[in-house]
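Below is one structure; the comments refer to it alone.
The values are calculated or read from the model by the stated rules, or taken from the named source; none is laboratory data. Treat the numbers as computed from the prediction; the structure is a model and nothing was measured. Please note: Cβ atoms are built from the backbone with ideal geometry, for glycine as well, and neighbour counts cover all protein chains shown. When the accessible area is computed, the model is the full protein with side chains, heavy atoms only, and any ligands, DNA or RNA have been set aside. Shrake-Rupley method; radii C 1.70, N 1.55, O 1.52, S 1.80 Å.
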Amino acid sequence: MDAVGFEASGHGESGEQPAAVLNAIMDVTQAGGGLGIPGLYVTDDPGGVDEDAKTGSLKVRFGLGWAKAHTFATGQTPAMQYNRNLMKSILSGKAQIAKAVNAQLITLDEAPKGYEDFDKGAAKKFVIDPHGMVNS
Amino acid sequence: MTNNRAVVYKGAGHVEVQDTPYPELVLRDGPGVPKSNVDRKCEHGVILKVITTNICGSDQHMVRGRTTAPEGLVLGHEITGEVIEVGRDVEFIKKGDVVSVPFNIACGRCVMCQTQKTHICTNVNPERPGAAYGYVDMGGWVGGQSEYVMVPYADFQLLVFPDRDLALEKIMDLTMLTDIFPTGFHGAYTAGVKMGSTVYIAGAGPVGLAAAHSAQLLGASAVIVGDLNAERLQQARVSDVKQST
């Protein structure tokens, strides 16, 4: 699965390589396997590493995926297909997603700091509580 | 009227909390609103008092200046809240309901919605299939990192929590239903993860960890997570939530 998206960095190399994760997951996934790509890719990227990347054209080694008969799943998630059953998993205690993603409650005024910390790579999922309604 | 406050994108690397208009049951002109979406009536919508609203990794792409997001855009598409006003055409959602808002705005009336493909609804964004709150190229709908927000197509879209007290007790988990948990789960599900699967996930940010948890829920026998960030990799170890707990 690609949970990185188009601002990917290559392993052991400096700088951004937008296709690095797509190529890596084709590399490690067995023949016949499936590639889930929740990581986001765009059609316009003003900060793209080269002219091609600026329009979302990436150096993807598609031939490798084809040779290994991989399936690629792209696009936004249709959240409504999953949210009701996942809610039931949460309410039953089976799913513990807040713990899994390390949820951290902040105020609305702390949001800019949250963006900054998240950008620096904080291992947290920031949850804004604009009215102070949540007891944590 | 400015009786609202929201997180606003002010240009690359810069967000601010600002006074913003209190939402109405109509989409007014504003940053990123396509012409044919301006003054779109939303009597099928509701106004929410926002209980929680999460920062998403995809928001960071905009804030880093890596998209064509317009300055002045109110951010936020992961919204959980309490209904405080219902539009004329809302039949079933009631004031006081505590609800999760799916981040994909969807009309419930087009062929895509009728076949459950709400992420590519054809009626909510004149520029491309699919829409979302507070996101570049996603129809100009006002984001929900704010005190109050308008949600259209309320009867179709909103997931109502069955019990208000239980919902507030579990809100830190339930807030993840708007996007990140379904997105992680969708990644695992569409990759074909099932009982016994071996799964590799590139990225130990929140979506990667949500995908890892989802892979475990789907019965994977081994879940491997990779990242260049040691702190996030450590979090993946800490997050290893076994279902036997």
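A few notes on this one:
- Within the stretch A:6-58, tally of residues that are within 19 Å of A:Thr71 (Cβ to Cβ) and not hydrophobic (A, V, I, L, M, F, W, C): 11
- Of all the criteria given as (1) within 11 Å of chain A (Cβ to nearest Cβ); (2) open to solvent by less than 70 Å² (accessible area, probe 1.4 Å); (3) over 21 Å from A:Gln76 (Cβ atoms); (4) among the charged types (D, E, K, R), the one not satisfied by B:Lys10 is (2).
- Some residue of the stretch B:99-109 being touching a helix residue (DSSP H, G or I) at 6+ places or on another chain (Cβ under 9 Å) and farther than 18 Å from A:Tyr82 by Cα: yes
- When A:Gly114, A:Gly36, A:Gly75 are checked against the criterion of being under 30 Å from B:Ala154 (Cβ atoms) and under 16 Å from the mean Cα position of the chain (by Cα), a single residue qualifies: A:Gly75.
- The residues on offer are B:Phe156, B:Phe181, and the sole one that is facing chain A (nearest Cβ under 7 Å) and among the hydrophobic types (A, V, I, L, M, F, W, C) is B:Phe181.
- Residues of the stretch A:9-51 classified as under 22 Å from B:Thr190 (Cβ atoms) and free of Cβ contacts under 8 Å to residues at least 24 places away in the same chain, total: 5
- If you go through the stretch A:83-135 and keep only what is in a loop (DSSP other than H, G, I, E, B), within 7 Å of chain B (Cβ to nearest Cβ) and under 30 Å from B:Gln18 (Cα atoms), you end up with A:Asn102, A:Gly121, A:Ala123, A:Asp129, A:Pro130, A:His131, A:Met133, A:Val134.
- Total residues in the stretch A:69-82 satisfying the condition of being in a strand (DSSP E or B) and touching a helix residue (DSSP H, G or I) at 6+ places or on another chain (Cβ under 6 Å): the figure is 1.
- B:Leu174 falls short of the stated requirement of being at pLDDT below 95 and at the interface with chain A (Cβ under 9 Å from one of its Cβ atoms).
- Residue that is nearest to A:Met87 (Cα to Cα), among those in the stretch B:194-226 that are within 24 Å of the chain's Cα centre (by Cα) and assigned to a loop (DSSP other than H, G, I, E, B): B:Leu218
- A search for C-beta distances below 7 Å between a residue of the stretch B:46-61 that is without any contact (Cβ under 8 Å) to a residue 40 or more places away in the chain and any residue that is open to solvent by 10 Å² or more (accessible area, probe 1.4 Å) and of a type in the set (A, V, I, L, M), counting only pairs 6+ apart in sequence or on different chains, returns B:His61/A:Leu40.
- No other residue among B:Val193, B:Val136, B:Val207 is hydrophobic (A, V, I, L, M, F, W, C) and assigned by TED's automatic domain parsing to the domain that holds B:Pro31 apart from B:Val136.
- Matching residues in the stretch B:219-245 - criterion: being among the hydrophobic types (A, V, I, L, M, F, W, C), open to solvent by less than 40 Å² (accessible area, probe 1.4 Å) and closer than 15 Å to A:Ile97 by Cβ: B:Ala236, B:Val241
- Test for B:Asp173: is it outside the structural domain of B:Asp29 (by TED's automatic domain parsing), more than 26 Å from A:Ile25 (Cβ to Cβ) and of a type in the set (D, E, K, R): yes
- Output for the stretch A:9-34, where each listed residue is in a loop (DSSP other than H, G, I, E, B) and surrounded by 22 or more Cβ atoms within 10 Å (Cβ to Cβ): A:Pro18
- Only one of the listed residues (B:Gly65, B:Gly32, B:Gly72, B:Gly96) is buried (at least 20 other Cβ atoms within 10 Å of the Cβ) and in contact (Cβ under 8 Å) with a residue 40 or more places away in the chain. That residue is B:Gly32.
- Considering the stretch B:184-204, and only residues there that are more than 7 Å from chain A (Cβ to nearest Cβ) and not β-branched (Val, Ile, Thr), the residue that is nearest to B:Cys56 (Cα to Cα) turns out to be B:Ala204.
- Taking the stretch A:35-72 as the range and being open to solvent by less than 20 Å² (accessible area, probe 1.4 Å) and small (Gly, Ala, Ser) as the test, the residues that pass are A:Gly36, A:Gly39, A:Gly48, A:Ala53, A:Gly65.
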